[in-house]
Amino acid sequence: MGNGRGGQQNQNQTRKISLFPLLSLLIFTSIFLFLSLSRETSLFSPSSQSHQRNIFQPEYRSGSCNYSDGHWIYDPNFTFHQRYDSTCKEIFKGWNCLLNNKSNAQNIPNWRWKPNDCQLQPLDPLMFLHTYRDTSIGFVGDSLNRNMFVSLFCTLKRVSGEVKKWRPAGADRGFTFLQYNLTIAYHRTNLLARYGRWSANANGGELEDLGYKEGYRVDVDVPEGTWAKAPSFHDTLIFNTGHWWWAPSKFHPIKSPMLFFEKDQPVIPPVPPDVGLNEVLKHMIHFVDKTTRPGVIKIFRTQSPRHFEGGDWDQGGSCQRQQPLSPEQVEELFLLKNNGTNVEERLVNQHLYKVLEGSDFSILDISHMSEFRADAHPSTAGGKKHDDCMHWCLPGLTDSWNDLFIIHLNNIKVKN
């Protein structure tokens, strides 16, 4: 009996001793995994005060999430092959960085945007086609909205190849996915407002009396014809403007200034472009409200940043970065008080937020997430005489814009 109890005690002690290494291993593994995850989520994490709080805060599941506030994580499994590749024919040649052999083109789509308070799910093209069948989406704006439009088209085309190409409501380009009767279209417009060359009248006038000889006439209350019919045609509209408002190569303040007209008369005294932008936005918002059908979703996308370093595009500026910027580098490049080459992005956004406040337009904020991506432009692979540090490689950053866009659209749909 005594030997039996002693043997049993020895066996229990042996079990306890043998369990100790296993428990130690489990604890060590847990600590390692925790530290690895902490390191991943801290990569390129911006400081909480790095940009002004935006008003795009759609609900996410049970709580709320500011999708525009986050950081980029490199994820080799987050590959462009899940979306589309360089064979999509709608990709403008200068943006096809894979085809043009840009050195980091393979890596650009592997950076994943991680909002600080939630997850950003990639667009599910089949789910999108089913959800928005029998509807029409119009992108209205400059070539950066085309960048976004092409990204969406290529994503959808990969899973639904039966497509009709046409130009609805005066669009620059458009497609209908026939199986779902879903139309997406791009309406090109640089300023939203109608504009054209202006020359002094030999008989004189108010502008001529002030010494103006030539410039560009901008009618602040008249939409450009390329999109004037879009509000009455589409079920969802997504607008942008901004890049051309600070483009001295075209609208030179002395040689070819913007000359604003309202009700067919020149605005006297003449106003600078930033004031003109406010007036155009006010009038275009009124025009859209007046011409859309009830229930049409109206969205304004914030300004896409440029990343010229060492000068502007015509001064030898370039964008040779191979990975996203750090939060400190972002602020150095875009801080308004620095008045740098790329300051237009935050300037334009100030005007957008101010004028759109109180309207029934919602704002899709892609600016801050894009400020980090100095690595994602075509750069020297864009086929131009200068670096293209304004547009984006496809596949690339604008795919993430569309991820945000679809979540934003879905949230509006649920609320309505």
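Panel values: the range 275-412, Kirkwood radius from alpha carbon pairs, Stokes-Einstein at 4 °C and 1.567 mPa s, translational diffusion coefficient 78 µm²/s.
For the range 380-416 versus the range 91-117, the spacing of their alpha-carbon centroids is 11 Å. Computed over protein heavy atoms with a 1.4 angstrom probe, the accessible surface ordering of Lys282, Lys165, Lys337, Lys385, largest first, is Lys385, Lys337, Lys165, Lys282. Checked against a 31 Å cut-off, the cross-linked pairs Lys89/Lys263; Lys102/Lys250; Lys114/Lys415; Lys157/Lys413 give Cα-Cα distances beyond that limit for Lys89/Lys263. Across all Cα pairs in the range 284-352, the calculated P(r) in 10 Å bins from zero up to the longest distance comes to 17, 37, 22, 16, 8 percent per bin.
Quick one: compute a quarter of the convex hull surface over the Cα atoms of the range 119-272 and quote it in nm².
11.5
Among DSSP bridges having both ends in the range 119-272, what percentage is antiparallel? Round to the nearest 5. Around 55 percent antiparallel, to the nearest 5. Cross-link partners for Lys229 among the aspartates and glutamates, with Cα-Cα distance under 16 Å and sequence neighbours closer than 8 places in the same chain left out: Asp172, Asp221, Asp289.
Apolar share of the accessible surface for the range 157-241: 43 percent from carbon plus sulfur atoms, 1.4 Å probe.
The range 245-285 and the range 157-196 have Cα centres spaced 29 Å apart.
Ligands, DNA and RNA are left out, and with a 1.4 angstrom probe the accessible area of the range 194-250 is 48 Å² per residue.
Tell me the net charge near Glu331. Cut-off is 12 Å between Cβ atoms, Glu331 excluded, with +1 for each Lys or Arg and -1 for each Asp or Glu. Every neighbour counted, the sum reads -1.
Averaging over every viewing direction, what projected area does the convex hull of the Cα atoms of the range 121-199 cover, in nm²? Don't skip to the end; give the middle numbers.
Values: hull surface 24.2 nm².
In nm², the orientation-averaged hull projection of the range 121-199 is 6.0.
Our coupling estimate for the range 395-405, obtained by passing each phi through the Karplus curve with A = 6.51, B = -1.76, C = 1.60 and θ = phi - 60°, is x, x, 4, 5, 5, 5, 4, 5, 4, 5, 4 Hz, Gly and Pro reported as x.
The apolar share of the surface of the range 329-390, taken as the fraction of accessible area on carbon and sulfur atoms (1.4 Å probe, ligands and nucleic acids excluded), comes to 48 percent.
Less than 5 angstrom separates the built amide H of Ala193 from those of Glu224, all sequence-distant by 5 or more or on a different chain.
Relative contact order, whole percent, for the range 73-176 stands at 28, derived from Cα pairs under 8 Å and 6 or more residues apart.
The values are calculated or read from the model by the stated rules, or taken from the named source; none is laboratory data. Predicted, not measured: the structure shown is a model, and the values here were computed from it. Neighbour counts are summed over all protein chains in view; Cβ atoms, including those assigned to glycine, are modelled from backbone coordinates with ideal geometry. Calculation scope for accessible area: heavy atoms of the full protein, side chains included, ligands and nucleic acids excluded. Shrake-Rupley method; radii C 1.70, N 1.55, O 1.52, S 1.80 Å.
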